[in-house]
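Asker: Supplied in structure tokens, the structure appears directly below.
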Protein chains: 2
Amino acid sequence: MGVTKTQNFSGAQNRVARIAKVLGHPARIAILEYLIKQQVCICGDLVDVLPLAQATVSQHLKELKAAGLIKGEVEGTSVCYCINEPVWEEARDILLNLFNLPLSNASCCK
Amino acid sequence: MGVTKTQNFSGAQNRVARIAKVLGHPARIAILEYLIKQQVCICGDLVDVLPLAQATVSQHLKELKAAGLIKGEVEGTSVCYCINEPVWEEARDILLNLFNLPLSNASCCK
DNA sequence: ATAGTATATCGTAATATTACGATATACTGT
DNA sequence: ACAGTATATCGTAATATTACGATATACTAT
């Protein structure tokens, strides 16, 4: 993403942006939706379900894991991925905080 | 952002990702927070407030405008930028839809 | 008309992202 | 031990993002 002067913005601003950035790719949305929907998180299935190569899916999973939104558990040969609920909820709250700020400029700009 | 096989994902997935992507940079979060806070959206001020060059601020504003989250109105020499409420609320709803999906895997992965 | 101010756009360097094939790693069953 | 399966990592090409100086555009006041 180019250079991004992260250090010049507040911790809170960076936190919102970080979460949003991870959500900023349709493949990662698809992965999250799949993990949310499945009772059992059979996760090799993701490679079958998604229109992407195995290496690419693995890379997206890595980013979601790095952001803490999902967690993975080795189960024999395969790995079980799931939503990491506490972080997932924290992410929702952080985004909601932004959207719930009171708009004070109702009459501004037509 | 590399190639992004957008066309292989659903419209809904792309919509979520598109919104999140725009929110995925601290400068744009800072801009949005500023516009939300200010009663009057004196917008040349953004250049003073943000730790970025004028051209860079303009570029971020353009992206926010392209996503529909803000709107701009020329006022003499300067331009007044504001939150575009309908789209802003739609964005919140689209993100909330994702976070409000029922998690069916409470007992999955330790 | 001219100078001054504000914002947008252009061009471009540095860096990040996306995607995938190839390969490495790790486990399972024989 | 060995072959087979599942996942992760490496290397890399194509493309996107970020940032900024320079310049263009647009309006205002004199």
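Asker: Could you tell me which numbered condition B:GLU63 fails, if it satisfies all but one of (1) more than 8 Å from DNA strand C (Cβ to nearest atom); (2) under 30 Å from A:PRO51 (Cβ atoms); (3) open to solvent by 60 Å² or more (accessible area, probe 1.4 Å); (4) at the interface with another protein chain (Cβ under 8 Å from one of its Cβ atoms)?
Answerer: B:GLU63 satisfies every listed condition except (4).
Asker: Against the conditions (1) open to solvent by 60 Å² or more (accessible area, probe 1.4 Å); (2) within 18 Å of the chain's Cα centre (by Cα), where does B:GLU75 fall short? Just the number, please.
Answerer: Against the list (1) open to solvent by 60 Å² or more (accessible area, probe 1.4 Å); (2) within 18 Å of the chain's Cα centre (by Cα), B:GLU75 comes up short only on (2).
Asker: Right, next: Filter the stretch A:41-56 down to residues that are more than 14 Å from B:LYS5 (Cβ to Cβ) and touching a residue at least 24 places away in the same chain (Cβ under 8 Å) and give me whichever is nearest to the other protein chains (Cβ to nearest Cβ).
Answerer: The residue in question is A:CYS41.
Asker: Quick check on my filter: what residues within the stretch B:86-107 are modelled with pLDDT of 95 or more and surrounded by 15 or more Cβ atoms within 10 Å (Cβ to Cβ)?
Answerer: B:VAL87, B:TRP88, B:GLU90, B:ALA91, B:ARG92, B:ILE94, B:LEU95, B:LEU98, B:PHE99
Asker: State the number of residues belonging to the stretch B:73-88 that are more than 8 Å from every other protein chain (Cβ to nearest Cβ) and under 29 Å from A:TYR34 (Cβ atoms). Walk me through it before giving the result.
Answerer: Of all residues in the stretch B:73-88, those more than 8 Å from every other protein chain (Cβ to nearest Cβ) come to B:74-79, B:84, B:86-87.
If we keep only those that are under 29 Å from A:TYR34 (Cβ atoms) too, we end up with B:87.
So the count comes out to 1.
Asker: Then there is this: Which one of these is more than 7 Å from chain A (Cβ to nearest Cβ), assigned to a helix (DSSP H, G or I) and open to solvent by less than 40 Å² (accessible area, probe 1.4 Å): B:ARG28, B:ARG18? I'd like the intermediate steps shown before the answer.
Answerer: Details: B:ARG18 fails: open to solvent by less than 40 Å² (accessible area, probe 1.4 Å).
Only one candidate passes the filter, namely B:ARG28.
Asker: Among the residues that make up the stretch A:46-54, is at least one of them in a helix (DSSP H, G or I), within 11 Å of DNA strand C (Cβ to nearest atom) and surrounded by 13 or more Cβ atoms within 10 Å (Cβ to Cβ)? Can you show your working first?
Answerer: Looking only at the stretch A:46-54, we keep the residues that are in a helix (DSSP H, G or I), and these are A:46-49, A:54.
Filter again for within 11 Å of DNA strand C (Cβ to nearest atom), leaving A:47, A:54.
Then keep just the ones that are surrounded by 13 or more Cβ atoms within 10 Å (Cβ to Cβ); that gives A:47.
Looking through the stretch A:46-54, at least one residue is in a helix (DSSP H, G or I), within 11 Å of DNA strand C (Cβ to nearest atom) and surrounded by 13 or more Cβ atoms within 10 Å (Cβ to Cβ).
Asker: Which of (1) near DNA strand C (Cβ under 8 Å from one of its atoms); (2) not in a helix (DSSP H, G or I) does B:SER58 not meet, given it meets every other one?
Answerer: The number of the failed condition is (2).
Asker: Within 16 Å of DNA strand D (Cβ to nearest atom) and within 11 Å of chain B (Cβ to nearest Cβ): which single residue out of A:ILE70, A:ILE36 fits that description? First the steps, then the outcome.
Answerer: On the way: A:ILE36 fails: within 16 Å of DNA strand D (Cβ to nearest atom).
On inspection, the qualifying residue turns out to be A:ILE70.
Asker: Could I ask something else about it? Might you check whether a residue that is within 30 Å of A:LYS71 (Cβ to Cβ), over 14 Å from the mean Cα position of the chain (by Cα) and assigned to a helix (DSSP H, G or I) occurs anywhere in the stretch B:36-45? It would help to see each step written out before you state the result.
Answerer: The first filter runs over the stretch B:36-45 and keeps only residues within 30 Å of A:LYS71 (Cβ to Cβ), leaving none.
Checking the stretch B:36-45: not a single residue is within 30 Å of A:LYS71 (Cβ to Cβ), over 14 Å from the mean Cα position of the chain (by Cα) and assigned to a helix (DSSP H, G or I).
Asker: Sticking with this one: How many residues are more than 8 Å from every other protein chain (Cβ to nearest Cβ) and surrounded by 13 or more Cβ atoms within 10 Å (Cβ to Cβ) when one looks only at the stretch A:1-15?
Answerer: Residues in the stretch A:1-15 being more than 8 Å from every other protein chain (Cβ to nearest Cβ) and surrounded by 13 or more Cβ atoms within 10 Å (Cβ to Cβ): 2 in total.
The values are calculated or read from the model by the stated rules, or taken from the named source; none is laboratory data. Note that the coordinates shown come from a computational prediction; the quantities given were computed from them, not determined experimentally. Cβ: placed from backbone, ideal geometry, glycine included. Neighbour counts: every protein chain shown. Protein only, heavy atoms only, side chains kept; ligands, DNA and RNA dropped before computing areas. Shrake-Rupley method; radii C 1.70, N 1.55, O 1.52, S 1.80 Å.
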